[in-house]
Amino acid sequence: MPDQLTISLNEILFIFTRAGFGVNAPIGISEDFARSNMWLAENGFDPSLCSVSALDSLDEGKSSLVIEQTEDGFSGSNSQYLSALQASVSVLDRVKGKQSVELTIANVDSPLLVVAALGANQVEGWKVCWCDEVGANFQVNFMANGQWHIISDGLGVIELSKGATMQVSLLGDTDVALEGNIQRLDSKVEKTKILQTGIAVHEHWNAIYAYFSRCLVKSTAESRASGAGAGLVDTD
Amino acid sequence: MPSSATLDEAMMRRPEQVMRLDRMGSSFPTRLSFMRGLIRRMSKEQWKFEKLRQDIDENGYGVSVYAAHTPKRTYSLVAFTQDIPADMRTDRVIAEVWDATFNLFDGVPTQDDIDYLAKNTPKQEGGRFRPSELSLARANKSLRLFEHIVSSLSEGKQPDVDLVASVGYIMRTTAVYGSGKFGCADRAKIAEREECKVSFHMELLAVYLIRWFTIDVVETIAKQRGGDRAVSLEPHIRQFIGVGNSTGLGMAPFLLKHPVLIHNWVSAKETALARVRSLETPIKGSLEAFTHSVRQVAQHLKEWRVADEIQSARIEQLEGEVAELSSWCDDESNLVKPYPWNGIYQFAENSFSLECQEMVVSLVIEPHGALVDDLADTMFSTTAPQFEASMSLTRLKTIVKDYYAWATSIDFSLGESQHHFWYYSEDKLEPRFGSKGVDDGVDQEMPLAISRDANDLNEQLKTASDDITVGEFALQYPQFRHIIRRIQNTALRPYAEVQDNLLGETMRPLDLLRFKLAFFGASKFDPKSDLWTRISMYQGAPMPDQLSDSSHDDWTFPIRPQSAL
């Protein structure tokens, strides 16, 4: 495979849904995972970068889909990370249902995927803050009309951020942002660009595809012969 | 007196009647079908067609470019043709080579674009494409018709119309991909363009241009071979040549994965039928047009010959029923009364097979373009399915009870109810339909078991408290998230679901294929097994130079050229 491949949003939906399923995530959660990755791609990110980490972590048993409701949010088991695949849908359901105005989610393996789930569902007026296991701080603000900001202290790369306790809360008018680098993004503008260029994915794509491939069934001479379609040689 | 809207609603057929596999597998194209709508648009907007390039040798091998100029933009078919070994010519997805391969390009390709595509298009799934490519397709020759037409024309003769009628096409496509496949443009790139809004219009534009290409290629080769002696096809023969297609299981997952879209398609067709049935007095000339079309369809049926025993028997029965319908229509008292279209439909429903009932649906809608054609513009969807976590579980239970009784009533403890499963093969992701206990891959089953999943959900819901939300339930039982989302999004869209068990022992994927192909506008269904079928597309449709003819929309149930009968 070349160092870089250009793919479509539809391919992300197809491949990532099955990649999630490939690490035994329920199909409904895998569907949300894929839509989150589409949103990341629409905003110019290589979605395989943070997702491969989340999938690896689940596959290796370092993360778990088991989630507990706590007084102020969610947590996973003590000995494992909480998988972002599960955390993202749980947070999303709370936020969309406006059941909580402040949530704390402990020890999430890939926090950018939680952000992506909110973005993919056009959440507005919320912010997400976290400090990860290497001490890097991030804040993501969701404004109106698909505009959003990433603010970071520069100590880490957001796609690689890991092991975070996240706070999700309403974005107030007087909120003081984390001081640091601000990246301003407009989902609609970025998506228009991406639709013209496709999405560039890099070295981690192979690993994503390998998880996807677990959903494929090995072909045998019998299954080949009985497949739909014409004979193996066909003329008329 | 009821309002017309109320009457239309009362005349709508029920989902449990319409969305059953046996009826779906008896579908025919209507004037709302996508090919019909696309041809009307081409004619109305006066699209221009232009051959931009044809660099082919004496065998027709090389590269060609054909353009469709719409009022706002140009789309180009880039075609590559090559010699392939006879023993590698297969219509299967797992094929490696094809006689012709194509892209529909967004705009006019530069030489650099053509050079790029020359390296990728012939590889099909093995190539990589870009957002400038809207569609990817391939086709194989009908060897006997291709050579027959070339040699006839090169000798200054027209081809044998019997042979043309028996095959119907010079090439048959074996896949037409779009919507982001293999790197092609995502649908979102073009979804807002008027000419692209309706489902599959760009893929079917590619097919229309492929049809033109196949006819142009045989005429060009004949001219090279025969020189001054060579002639072109007579226009009426040219118009009768369509594009073939072999369709397998790839279409089935699409239907099941896009329930909202399917609802919109079926709702448009059923609304059209209801509007016609609600007419108290026929529109002037429409009954005459109908009785004429019944006679024409009898000829169409004589020409629709297939090897498949089941379909042959159905066609034979249909011929008898159409004759009976024709006689019934000859009795004026059956038609000259209030609500004549409803009378015709009811007569068909009470008297004839599903195949005939669905043909009558197509025939009664046909003369009512002014009444129904607006519905063709509703046959798309932009809705992304949402999971509504705040819905109460009581509400979800009610929806399942009210709208999914067809699923919850199936006994899945019986082996015959879970006989089959759907999976993707590692062989070029070819979709396959496995049998449990026979085929490997149950663990990798595609999530298409809608009825079983709804059934399982229903069982779990019985044990759950009414006082929680769907979000809380899904937190506890995440394995149901996908089916809950589906149910929430289809509850108010009654035609969204195939109301049958798609895993059952007697299930025929062919029924799903025919249903979808009829919406495309395909004709002459020619089943080759329960898993795949051949069809004709655009047979009888106007060629680019005929789009301004007043008869440009009169090509339903095509019959062989009259002058040759």
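Please treat every number below as a calculation from the coordinates, not as lab data. Source: prediction; values computed, not measured. As a convention, Cβ positions derive from the backbone with ideal geometry for all residues, glycine included, and neighbour counts pool all protein chains shown.
Below, the figures for the structure above:
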{"read-out": "Burial ranking of peptide ranges B:238-246, B:176-184 (average Cβ count within 10 Å, highest at the top)", "value": "B:238-246, B:176-184"}
{"read-out": "Charge dipole of the protein assembly as shown about the Cα centre (unit charges at C-beta), most positive-ward option of A:199, B:414, B:517", "value": "B:517"}
{"read-out": "Peptide-level mean, for B:249-260, of C-beta atoms on other protein chains within 10 Å", "value": "1"}
{"read-out": "Whole-number D in µm² s⁻¹ for the range A:5-214, Kirkwood Cα-pair radius fed into Stokes-Einstein, 4 °C, 1.567 mPa s", "value": "77"}
{"read-out": "Rounded tilt (10° steps) of B:481-490 against the dominant C-alpha axis of chain B", "value": "80"}
{"read-out": "Test item: B:422-432 mean partner chain Cβ contacts at 10 Å", "value": "5"}
{"read-out": "Dipole in debye (nearest 20) - the range B:337-451, about Cα centre, beta carbon charges: Lys, Arg +1; Asp, Glu -1", "value": "540"}
{"read-out": "Given charges at beta-carbon only (K, R positive; D, E negative), |dipole| of chain B in Debye", "value": "940"}
{"read-out": "Ellipticity estimate at 222 nm from DSSP helix runs (n ≥ 4, -39,500 (n - 2.57)) divided over chain A, nearest 500", "value": "-12000 deg cm²/dmol"}
{"read-out": "The range B:165-188-the range B:498-556 distance, computed between alpha-carbon centres (Å)", "value": "14"}
{"read-out": "Helix-only CD estimate at 222 nm, as mean residue ellipticity for chain B, using -39500 (n - 2.57) per DSSP H run (n ≥ 4)", "value": "-13000 deg cm²/dmol"}
{"read-out": "Residue mean of other protein chain beta carbons inside 10 Å, B:119-126", "value": "0"}
{"read-out": "Cross-link pairs B:51/B:119; A:188/B:119; B:257/B:428; A:98/A:191; B:72/B:524 - those with Cα-Cα distance over 29 Å", "value": "A:188/B:119; B:72/B:524"}
{"read-out": "Along chain B, longest interval not containing exposed GluC sites (Glu not before Pro), exposed being DSSP loop plus at most 10 other Cβ atoms within 10 Å", "value": "B:193-565"}
{"read-out": "Cα-Cα P(r), the protein assembly as shown, percent of pairs per 20 Å interval", "value": "15, 45, 32, 7, 0"}
{"read-out": "Charge dipole magnitude, Cβ of K and R +1, D and E -1 - the range A:5-214, Cα centre, debye nearest 20", "value": "540"}
{"read-out": "Cα-based Rg and Dmax for chain B, where Dmax is the largest Cα-Cα distance (Å)", "value": "24.5, 85"}
